[in-house]
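Here is the structure we will look at.
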Amino acid sequence: MDKQEFLHRYLVDRHGTDCTKWDGLKEKFGESDLIAMWVADMEFKTCDEIVNAMVKRTHQGVFGYSCVSEEYYQIFSNWMDRRYHFPVQKEWVRFSTGCVTAIAWMINAFTRTGDACMILTPVYYPFHNVVTNNERKLVKVELAYNDGYFTMDYETIEKAIVNNQVKLFIQCSPHNPVGRVWSEEELEKVLAICRKHNVLVVSDEIHQDIVLGDKPFVPAAVVSKGKYQDIVITLNSASKTFNLATLLHSHIIIINDELRMIYDKFASALNRTEVSVMGMVATKAGYTYGEEWLGHVLDVVRDNYQYLRNELNKRLPKLKVCALEGTYLVLLDLRSYVEPEQTMDFVQRRCRLAVDYGEWFGENYHGFIRLNLATDPAFIKYAVENIIANAEK
Ligand SMILES: Cc1ncc(COP(=O)(O)O)c(C=O)c1O
């Protein structure tokens, strides 16, 4: 299947489907005729095998309480082992209705009110809220930014941990919105600091399968041959990979027995016993048959990124298109062309786009916007042409 055929078969118009990205425009942005490039889901229908598996299950017609089969664990473990050398054992796995929910549970299971939790900003805004909403102290450490590329500043991280007595670090890997796939070396450095100061690491790896370049994604739990497994809790899901967010099904992987016991005690207080049957059906089908479909999605995202970067570099050479190693979300630094306080007016009123604004991810990122590239290339063209036309005015 070539790219055109893929787009023809899988692109869908989501208007009128209770879709947050399009049907929620009016509520979020005050107008509904913008091109929606916010919300991190895709404009593509998921792969046929997932749809077929869900239809088959629907025809069976019973949606009662469900358990997790041996086959499910095997398929999940195979996916993780084959792609990331992380053969996940059944005993380590727990389930949640989403990765952000799981972060909230980890905060509650492993820290107390007032304890410090660290995030590396700019970062996905629910990371901020989930800490403050649970009455923990939010410690924000800025990533270093240089010419469209973000890196971790280890010295500042260590100082922040010591000064605030940080108990838990919420890692984002690959990182939304800065698009980094952290190398094993980078992860080793930050994990070593966490080990030294007894910081538990909750690694949100929901974007693990959306890797665009040559640099491999490395789960925190396998860094240095698993040296940090006793301080790492991994969260992941097939939801970004196969566009399944509202099936509400994600994994919590806790390798260390003691940590798992603490979590299980917490979970029993929540009465967490059930899993989403459709989430399981879809995840199983995706991990079994979905790799080819995923390859097509990654090709579209890569092409969208290349087109956007080439055109913007050519026409607006001072506009920074941040590197995109992973995720389908790209950060643009518009500050050379638009006054930061004018960004919303520029993007929405003049360019007619609905995007995520930099300041949602961190207060020093006024003038940055995040665009979703898992979409119709025609929308990317529209966005690029409007940005160029309005910036050149
Ligand atoms: C890093 C990260 N974690 C979690 C989520 C949301 O996951 P869930 O819907 O499973 O809570 C997103 C969605 O964009 C994300 O980027």
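Here the dipole of the chain is about 380 debye; that uses its Cα centre as origin and unit charges on the Cβ of Lys and Arg (positive) and Asp and Glu (negative). If you look at the Cα atoms of the range 63-288, you get an Rg and a Dmax of 16.8, 53 Å. Considering only Ile231, Gly290, Ala245, the residue lying farthest towards the positive end of the dipole of the range 170-305 is Ile231, judged by Cα position with unit charges set on Cβ. Available extension along the chain between Arg349 and Phe266 is 25.1 nm, counting 0.36 nm per residue and deducting the alpha carbon span. Under the criterion of Cα pairs below 8 Å and six or more residues apart, the relative contact order for the chain equals 22 percent. In this structure the amide hydrogen of Asp356, modeled in the peptide plane, comes within under 5 Å of the amide hydrogens of Arg370, none closer than 5 places in sequence on its chain.
Distant-in-sequence amide contacts of Asn134, defined by a placed amide H-H separation under 5 Å and a gap of 5 or more residues or a different chain, comprise nothing.
Here the mean projected area of the convex hull built on the C-alpha positions of the chain is 19.1 nm². Subtracting the Cα-Cα distance of Gln89 and Lys215 from 0.36 nm times their residue separation leaves 42.8 nm of extension gain.
Residues whose amide H lies under 5 Å from that of Ser66, counting only those 5 or more places away or on a different chain, are Val275; hydrogens are built 1.01 Å from N in the peptide plane. Counting only Cα atoms, the range 82-174 measures 39, 36, 23 Å along its principal axes, largest extent leading.
Other residues whose C-beta falls under 15 angstrom from the C-beta of Leu331 contribute a net charge of -1, scoring Lys and Arg +1 and Asp and Glu -1. Protection proxy ranking, highest mean first, for peptides 161-174, 321-334: 321-334, 161-174, where packing is the per-residue count of other beta-carbon atoms within 10 Å, averaged.
Our Cα-only numbers for the range 240-339 put the radius of gyration and Dmax at 20.5, 57 Å. In terms of the mean number of neighbouring beta-carbon atoms within 10 Å, the peptides 354-361, 183-190 order highest first as 354-361, 183-190. When the chain is described by a simple charge dipole with +1 on each Lys and Arg Cβ and -1 on each Asp and Glu Cβ, the residue from Ala221, Asn256, Asn304 located farthest towards its positive end is Asn256. The helix-only estimate of mean residue ellipticity at 222 nm for the chain, built from DSSP H runs of length n ≥ 4 each weighted as -39500 (n - 2.57), is -12500 deg cm²/dmol after division by the residue total. Considering only Gly61, Gly148, Pro317, the residue lying farthest towards the positive end of the dipole of the chain is Gly148, judged by Cα position with unit charges set on Cβ.
Could you list, in their original order, any pairs among Lys90/Lys284; Lys28/Lys393; Lys320/Lys381 whose Cα atoms are separated by more than 19 Å?
Among Lys90/Lys284; Lys28/Lys393; Lys320/Lys381, the Cα-Cα distance tops 19 Å for Lys28/Lys393.
If R0 equals 22 Å, the separation of the Cβ atoms of Asn163 and Asn198 corresponds to a calculated FRET efficiency of about 0.90. For the range 262-393, a Kirkwood hydrodynamic radius built from all Cα pairs, placed in the Stokes-Einstein relation at 20 °C and 1.002 mPa s, yields a translational diffusion coefficient of 124 µm²/s. Of Lys189/Lys225; Lys137/Lys265; Lys137/Lys167; Lys45/Lys240, which ones are farther than 18 Å apart at the Cα? Cα-Cα > 18 Å for Lys137/Lys265; rest within. Phi-derived couplings, Karplus 6.51 cos²θ - 1.76 cosθ + 1.60 at θ = phi - 60°, listed residue by residue for the range 283-300: 5, 4, 5, x, 5, 8, 10, x, 5, 5, 4, 4, x, 5, 4, 4, 4, 5 Hz, with x used for Gly and Pro. The length gained by stretching the chain between Ser224 and Glu339 to full extension, at 0.36 nm per residue less their Cα-Cα distance, is 37.0 nm.
Every read-out reported here was derived from the displayed coordinates using simple, explicitly stated rules and does not represent laboratory data. Since the model is a prediction, treat every value here as computed from it, not as a measurement. Glycine also receives a Cβ, built like all others from the backbone with ideal geometry; neighbour counts cover every protein chain displayed.
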